[in-house]
Each structure stands twice: as structure tokens, then as C-alpha cells.
Amino acid sequence: MKVLLIGSGGREHALAWKLAQSPRLSRLYATPGNPGIAEVAECIEIAPDAIVGFAREENVGLVVIGPEQPLVDGLADRLRAEGVLVFGPDAAAAQLEGSKGFTKDLCARANIPTARYQRFRDAAAAKAALPDYGLPVVIKADGLAAGKGVVIPTTAEEAGAAIDGMFAGGFGAAGAEVVIEQFLTGEEASFFALTDGRTVLPFGTAQDHKRVGDGDTGPNTGGMGAYSPAGIVTPDVERQVMDRIVRPTVDTLAAEGTPYSGVLYAGLMLTDQGPQLIEYNCRFGDPEAQALMMRFDGDLVDLLAKVAEGRLEEAGAVTLADRVALTVVMAAEGYPGTPTRGGAIGGIAEAEAGGARVFQAGTTLVNGQLVAAGGRVLAVTATGDTVAQAQQAAYSAVERIDFPTGFCRRDIGWREVAREGVA
Ligand code: AMP
Ligand code: GLY
């Protein structure tokens, strides 16, 4: 089968690496791809509105859409309308990520545990509601904002300013509507499930590290590192997440005529009252996918095709290996602000010699030299029997990378390493 992968990040490099190992694969295309992806796929520039035509002409058997924006924009709908098999939800179901208010309303209809909330279209009404939520309070731009549309003010003044900033266009069109939520306390974890709209299969857990600095300090990023599995998601917690959150979501969307097909990524807060939904994403996480793919030994083309065909029940239980995978993101100086571009990168082969995988994200080739071309540049990923072992293996690979204008966090996995130390 010919497969076309959409995207250019570290998540897509990890997916491409796994797709390329499938016995069912005849040819792997990626658009736009990156130099890492080009080692396992044919990278081609295809204009967004030419993707459907390309898939038809090249007889592509499966399109795998990595990032959220094309899903929210309806690329999966356009492919399906032309009879092309696609992994990823239609625009209607991708609203789970595209509109925070949509997801909160769905939770209310399906009785899914999540923070108390209200949706607002003007600043005065939003500010008037603030006293009902106490402090800190969570204020979110409704639409896609690259993970940056959430503010958690600790004073009433900051909260008012955050609301004004969003309605003034601080997050562009994403802030035309604002959601105010009660602040939840607990530990966060990510939960992945594959679904064809009927069958739902858990597909691993992870813990992300969103802040740029060690000890979870500094501004939010797309994710500076992750490990999988997240030990705090015990089998009992997993059952609760499936029964109270994921299955009701899939069933409600199906019953309402907008079935969800693809991977559903639930961001959870594990509270004293049990797991609560913070948000949904309609795609794999980045860098969580890099860790998940290091634990998946099966045939990814076959699995994603079964999701796309609505035949997921035939897949049986999907198992990820017991080993722990941990990924450390190396970013370009300045990230998450303006990253320095053009810094030379070397040492990838040396880093991989010990069994680690270096997934590429914001990289490009200039006269044959690999250089940084984005914020998050590499995702250095290794496995071990414990988080501590995987952490050690990942950082010893990081040491072999020669990327003077890059930096990384030094403590990815710290919560779990501390727990392992106690156990
Ligand atoms: P989101 O983009 O919705 O995942 O939010 C980004 C981050 O904001 C999350 O990873 C949490 O750390 C935090 N957050 C979002 N909603 C809440 C909430 N209701 N209570 C506490 N923290 C939250
Ligand atoms: N790592 C967070 C995300 O992919 O949304």
C-alpha cells in the first residue's frame, strides 16, 4: 500500500519511521516532511489544495494526517469525499481540539468529568463572571493557538487583563470566544486512544513537560520532553478514563452524527475526585508520539488502515511494549520566543549508535549541512526498563549531539524518577 504522511515535525518523523517498517507498505510519501523523514520517505512539496488530487493520481491507499490544523480545516473530509482512506477525524469531530467550548459543551451533555466552565463572546460578561471562579482561574481562547491560548492568572487584575487581551486579538481569531474554567489541582497525564467511531482501543499513556525550564518553570512550550507509559495512570485510572471520559465522548459524537475516527488524545488532570478532562487533541502528541512509537512493535500501516476503514474491532488488543521510552527535546536558543535559526547540528549517528533514536523536527539542509530551522529541533528518544534508565540513555545520547545553539531541559521524567527512587 502507498501511504502519504502529512506534516513536518518530530511526531511525523516518529510516525514515518514506524510506517516505513510495515510489511504492507509499498511506498511512503511525506509532505512537506523534513530531512529526518527524508531518510525513510519520499518528501515532496504539495500545495494544500493539491493533496487530494495527488492522493488520487498516485493511488495512495492511506493518508495519515499528523497535525491538527489540516484536520480542523477539513482535509480528512475532502479526502474521504474522493474515496481516499484517511487516518484522522473529519472537521466536525476535530472540533474537539478546534473549539474548547465545543468540547466543554459535549462534556456537559455526556456527563464527562471536567472543570466547571462558561463560554463568553464579550469581555464585560466574562469579567462579570470572574468572582464565581475564585483564584487562580483558567482563561482559554476557544480556538487553535498552538498550545499557547491558556492563561492562569492569580490576581483579579491579571484575569481582567487576560480577558481584554484575548478579545483584543492577542491570540488572533482563536480568541473571538473565551472559556473561563475552574482551576483544577492534581498531576497531569496524557491518554491516547484509537477509534474508528465504534471500537475504542487504549493506545498508551505519557507525561509531557510543557514548561521550557527545569523544575517546570518558565513559559509554556509545545512540549520539551515526555515519557511513556505514565505510571500514575494505573489500570484502575485507565478504566475510569475509558468508561467516564473517552467512550462517552466517542459514543456521543457517533450518536450525534459526527463520528470520530483517528487518535483521540485526552489531556487529563488526576484529581482527588478521579480523572478529569482538561482538553482533547485530535492527533498524536508531539513529543509524546516519539515515545509511543518507540514502544510499538506492531504494524502501524495495518493498524491505522483498520482505523480508517472502520474495522478496528479486527485489530484485537493493541499492545505497547512494557519498556519505558523517554524523549528529550533539543530546542533552538530563544524558543519558545524567537528561535535562533541556522545553527549547525552534528553527532546524530553517534547519538543513535547506542540504540537511541533522534527524531528531527525543525531541521533543514543547507549545502549538505543539517541546521536548525525551527523552535523544537530534535527529539532524542531512548528506552529502558525504568524511567530512570530511559532517562539516562536519552541524556547520554543528548551528550553526543553537537548542537551549540541548542538547549534542552535536564530533568525530563523527574516526577517518575523521584517516585521510582522511593519505591
Ligand atoms: P490546554 O491547552 O487546555 O491543555 O491547557 C494548557 C495547560 O493549562 C494544561 O496542560 C494545564 O497545565 C493547564 N490547564 C488547563 N486547564 C486547566 C484547569 N481547568 N485547571 C488547571 N490547569 C489547567
Ligand atoms: N505535547 C503536547 C501536544 O502535543 O499537544
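Among the candidates GLY222, GLY197, GLY175, GLY267, which residue alone is crowded, with 18+ Cβ neighbours inside 10 Å and within 15 Å of ligand 2 (Cβ to nearest atom)? Before the answer, list the steps.
Details: GLY197 fails: within 15 Å of ligand 2 (Cβ to nearest atom); GLY175 fails: within 15 Å of ligand 2 (Cβ to nearest atom); GLY267 fails: crowded, with 18+ Cβ neighbours inside 10 Å.
None of the other options fit; the residue is GLY222.
Within segment 227-249, which residues are out of contact with any helix residue (DSSP H, G or I) (no Cβ under 9 Å at 6 or more places or on another chain) and either within 15 Å of ligand 1 (Cβ to nearest atom) or part of a loop (DSSP other than H, G, I, E, B) (or both)?
At the first step, the residues of segment 227-249 found to be out of contact with any helix residue (DSSP H, G or I) (no Cβ under 9 Å at 6 or more places or on another chain) are 234-244, 246-247.
If the condition is that a residue be out of contact with any helix residue (DSSP H, G or I) (no Cβ under 9 Å at 6 or more places or on another chain) and either within 15 Å of ligand 1 (Cβ to nearest atom) or part of a loop (DSSP other than H, G, I, E, B) (or both), then THR234 is the only one that fits.
Residue under question is GLY274, and the condition is that it be within 16 Å of ligand 1 (Cβ to nearest atom) and crowded, with 24+ Cβ neighbours inside 10 Å; does it hold? It is false that GLY274 is within 16 Å of ligand 1 (Cβ to nearest atom) and crowded, with 24+ Cβ neighbours inside 10 Å. For segment 55-83, the set of residues classified as within 17 Å of LEU15 (Cα to Cα) and surrounded by fewer than 17 Cβ atoms within 10 Å (Cβ to Cβ) is empty. For segment 206-213, state whether one or more residues are modelled with pLDDT of 95 or more, within 16 Å of ligand 2 (Cβ to nearest atom) and of a type in the set (Asp, Glu). Yes.
Confirm whether ASP90 is charged (D, E, K, R), crowded, with 21+ Cβ neighbours inside 10 Å and under 30 Å from GLY197 (Cβ atoms). It is true that ASP90 is charged (D, E, K, R), crowded, with 21+ Cβ neighbours inside 10 Å and under 30 Å from GLY197 (Cβ atoms). Within segment 267-287, residues that are within 21 Å of THR185 (Cα to Cα) and modelled with pLDDT of 95 or more have Cβ atoms under 7 Å from residues that are part of a strand (DSSP E or B) and more than 16 Å from ligand 2 (Cβ to nearest atom) in these pairs: LEU268/PRO275; LEU268/GLN276; MET269/GLN276; GLN276/THR114; LEU277/THR114, counting only partners at least 6 apart in sequence or on another chain. In the condition set (1) assigned to a helix (DSSP H, G or I); (2) closer than 18 Å to ARG11 by Cα; (3) touching an Asp or Glu at 6+ places or on another chain (Cβ under 6 Å), ARG283 is compliant with all but (1). Would you be able to say whether some residue in segment 179-190 is surrounded by 19 or more Cβ atoms within 10 Å (Cβ to Cβ) and either out of contact with any strand residue (DSSP E or B) (no Cβ under 8 Å at 6 or more places or on another chain) or among the charged types (D, E, K, R) (or both)? Yes, that holds for at least one residue.
At least 1 residues being in contact with a His (Cβ under 6 Å, 6 or more places away or on another chain) is the threshold, and among the strands (runs of 3 or more DSSP E) wholly inside segment 331-376 those reaching it are 357-360.
Across segment 121-143, the number of residues qualifying as within 16 Å of ligand 1 (Cβ to nearest atom), over 20 Å from THR185 (Cβ atoms) and not in a helix (DSSP H, G or I) comes to 3.
Got at least one residue in segment 210-226 being in a helix (DSSP H, G or I), under 14 Å from the mean Cα position of the chain (by Cα), within 15 Å of ligand 1 (Cβ to nearest atom) and within 24 Å of ARG11 (Cα to Cα)?
Going residue by residue through segment 210-226, those that are in a helix (DSSP H, G or I) are none.
No, the conditions are met nowhere in segment 210-226.
Screening ALA30 against (1) out of contact with any Cys (no Cβ under 7 Å at 6 or more places or on another chain); (2) surrounded by 24 or more Cβ atoms within 10 Å (Cβ to Cβ); (3) not in a helix (DSSP H, G or I) leaves a single unmet condition, (1).
The values are calculated or read from the model by the stated rules, or taken from the named source; none is laboratory data. Computed from a predicted model, the values in this text were never measured in an experiment. Quick reminder, even Gly has a Cβ in these numbers, built from the backbone with ideal geometry, and neighbours come from all protein chains shown.
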